[in-house]
């Protein structure tokens, strides 16, 4: 059956007649869906009969076929109740994927029913307002501006790539997808998971049973969709599964990762990632397993990241491809001047970028010391160019191979599977361009630029900020105390509100990121407004109620007047009351949080959320100590 199915239609290989002729050969494809991506990263999905695609083909590409409204997509303060119409414009510049329903077989062909998913742009009042259009405009802007700058300026240290020789610029990007998989309705203790992680029992181990089958099928299916999977493997989290009475793997709870090859079109990279999540979730579900792409599904255990790689290539007029981040001599330098500028631009502007990367409480829960997730705005490029290193404790690291200059790129380690990859890539390249512009216009030598990247906090430089360091080749978690980290690299945000303040308190950095109006201030403000809505609703209506239930579930279980047991329960109960019980003299912490949110006192709500996040694990530890002593 697999060989009979059409999985994707490559961009640019077929015109209208070719596409329709191809679809006529596949009557199992019965529906069309225009896939627009809103500012929260949600993708639309409709079921339009394929006959309408044949009858009104042009209308799909001119916004006349499909409309939605502001209640269906997250376009906060843009698609309003009194101006809600949003038109969807199909995009012919990228691959189109076919999504098959293997549970609904077409009676005529015996094949699963397919839906042709065509990526689309969202238009409101004659303006494209979606995540895909933001990315497209951003890379178009960076490309045109960078080409002009390189052609009109001499850059010391870039003699191997002269501006007048460049015909085009390509943005090489890729993502890595981590996720947790489990047997439905089975529970494994956090302590058991944490112990397994510390003992390193899972990383790169063999998969077994349904997990192995699903992993192999997912890798194969990614290939069928043209994503060219590179590997699938186990990650650090998880426990060894158990075998049930019928010989099947049961009590599965494992963390996995699947990677696929980069593309030179960021829009295609982000579309691929969206399709990859669909494939992974469906394949594992077909094998009786649940998948979650949450950043931190289990507190106290490794979270799931989606490391995002970005590079920059130039195609010369003679047809040769050159990596703009690679130096002329890979053994004498780690980066070209443009590469140094790119990482400086990202780091300098990251406070304003971070709310778009880590926009939820879940995403910030992942960014904690001890779990190989970044907490500081800092990079590493290796102590010696002749010996590439891989520092996994920093925000954005340099990936390079001395024998392969084309492989030089940066890896941003903060994104997670639910990060909006479209807006993230847009901001990464816009920030990198700011740093590259500084390099081009400064006329500084590679040595001078490297000194600036490696500055001490007290050093005053022309581009990077005083009071901050931006590079460390040390283990950021082990070689610095928290106070030292905060002093050198800036204090990381603990809540969504603290993260949003990085946007609100740095208008000069927001101005940098909105250059060229590719990602306009209006759209940025809409994104941030949506982030705030989700944070307040989730905190008041999910997080606090879940913690209330956890507190209520803690009951006294000792039956004697044992002094130790009584004292421990009293300590537990005192904290329970502080967290969840209003009294005649004081309101509980949970009540104060919800009241602060209702009053839009976000500073207070944020501070109380930090206190709640500290006291809930303390309560759980005290209760565990109490219960453990009961015989």
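The values are calculated or read from the model by the stated rules, or taken from the named source; none is laboratory data. Fair warning: this is a prediction, and the values are worked out from it, not measured in the lab. Here the Cβ positions follow ideal geometry from the backbone for every residue, glycine too, while neighbour counts run over all protein chains shown.
The figures follow:
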read-out: Residue match in the stretch 465-485 (condition: surrounded by 14 or more Cβ atoms within 10 Å (Cβ to Cβ) and closer than 20 Å to residue 146 by Cα); value: no
read-out: Filter pass, residue 531 being at pLDDT 95 or above, in a helix (DSSP H, G or I) and within 35 Å of the chain's Cα centre (by Cα); value: yes
read-out: Whichever residue in the stretch 95-129 is assigned to a strand (DSSP E or B) and over 29 Å from the mean Cα position of the chain (by Cα) and, among such residues, is surrounded by the most Cβ atoms within 10 Å (Cβ to Cβ); value: 113
read-out: Members of the stretch 364-382 found to be in a loop (DSSP other than H, G, I, E, B) and either at pLDDT 90 or above or not assigned by TED's automatic domain parsing to the domain that holds residue 475 (or both), listed by number; value: 376, 377, 378, 381, 382
read-out: Leading residue by the ranking (surrounded by the fewest Cβ atoms within 10 Å (Cβ to Cβ)) among those in the stretch 258-294 that are assigned to a loop (DSSP other than H, G, I, E, B) and touching a helix residue (DSSP H, G or I) at 6+ places or on another chain (Cβ under 8 Å); value: 288
read-out: Failed criterion for residue 319 (all others in (1) without any contact (Cβ under 8 Å) to a residue 60 or more places away in the chain; (2) on the phi < 0 side of the Ramachandran plot; (3) assigned to a loop (DSSP other than H, G, I, E, B) hold); value: (2)
read-out: So residue 457, is it closer than 23 Å to residue 362 by Cα and either surrounded by fewer than 21 Cβ atoms within 10 Å (Cβ to Cβ) or modelled with pLDDT under 95 (or both); value: no
read-out: Where residue 137 falls short, out of the listed (1) in a helix (DSSP H, G or I); (2) touching a helix residue (DSSP H, G or I) at 6+ places or on another chain (Cβ under 6 Å); value: (2)
read-out: Any chance residue 316 is crowded, with 22+ Cβ neighbours inside 10 Å, assigned by TED's automatic domain parsing to the domain that holds residue 400 and closer than 19 Å to residue 144 by Cβ; value: no
read-out: Condition met for residue 629 (surrounded by 15 or more Cβ atoms within 10 Å (Cβ to Cβ) and over 27 Å from residue 296 (Cβ atoms)); value: no
read-out: Hits in the stretch 486-497 - residues which are surrounded by fewer than 20 Cβ atoms within 10 Å (Cβ to Cβ) and not in a loop (DSSP other than H, G, I, E, B); value: 486, 487, 488
read-out: Residue list for the stretch 5-60, filter: assigned to a strand (DSSP E or B) and either surrounded by 14 or more Cβ atoms within 10 Å (Cβ to Cβ) or not assigned by TED's automatic domain parsing to the domain that holds residue 77 (or both); value: 8, 9, 29, 30, 31, 32, 33, 34, 35, 37, 43, 48
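Results for (1) assigned to a helix (DSSP H, G or I); (2) in the same structural domain as residue 492 (by TED's automatic domain parsing); (3) in contact (Cβ under 8 Å) with a residue 12 or more places away in the chain, shown as yes or no for each residue.
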position	(1), (2), (3)
538	yes, no, yes
542	yes, no, no
556	no, no, yes
567	yes, no, no
577	yes, no, no
592	yes, no, yes
